[in-house]
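Notes to accompany the following structure.
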Amino acid sequence: MPATLELKNAVRQEGLRKFQKVNDILARYDYDATNLVAILQKVQAEYRYLPQDILTYVATALGRSPSEVFGVATFYSQFSLEPKGKYEIKLCDGTACHVRRSIPVLQAIREKLKLAPGEKTTRDLRFSVETVSCLGACGLAPVVVINEKVYPQMTPESIVRVIDEINKAEDNEQ
């Protein structure tokens, strides 16, 4: 089974166990379709992405077509239709960061997390990695943001240490 399909299946099984959460979110917004964006934000916060079956369920519960809800989910860049990890790593590759060697930092992240070409999320759903055009912190280049915490002046060695610290903290919690 391809790694991406395996990942989606694992996430889907986890999602089915949490399906009640969608009902709770919908109830919080009184099943009002005018709150669709807010509902999708809460659903994504719960699942770390917007599963297709959940989008269909939300559409049905709100009396909307699945294509309308899917259209909203794909229109806004804040929404993801792919599984994301608990820790979202965003690496800036804007001009300042690129010139200050952001690509070797990205390569170190991908190597440390053992991400194959094209993979964005680790199989255990702990980390997701994406490059962004600008984080608005050019003076801190190259900069990485992990779950909204800013890590300035990253090097391949320093980002590996940050990932190791996160992994150690996570392993201690379990």
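The values are calculated or read from the model by the stated rules, or taken from the named source; none is laboratory data. No experiment lies behind these values; they were computed from the predicted model shown.
Sort out for me the helices (runs of 4 or more DSSP H) sitting completely within region 81-174 that have 2 or more residues that are of a type in the set (Asp, Glu). Give the steps one after another, and end with the answer.
Details: elements: 95-99, 102-112, 156-173.
Correct list: 156-173.
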Arg48 vs. criteria basic (Lys, Arg) and either modelled with pLDDT under 95 or outside the structural domain of Gln153 (by TED's automatic domain parsing) (or both)
yes
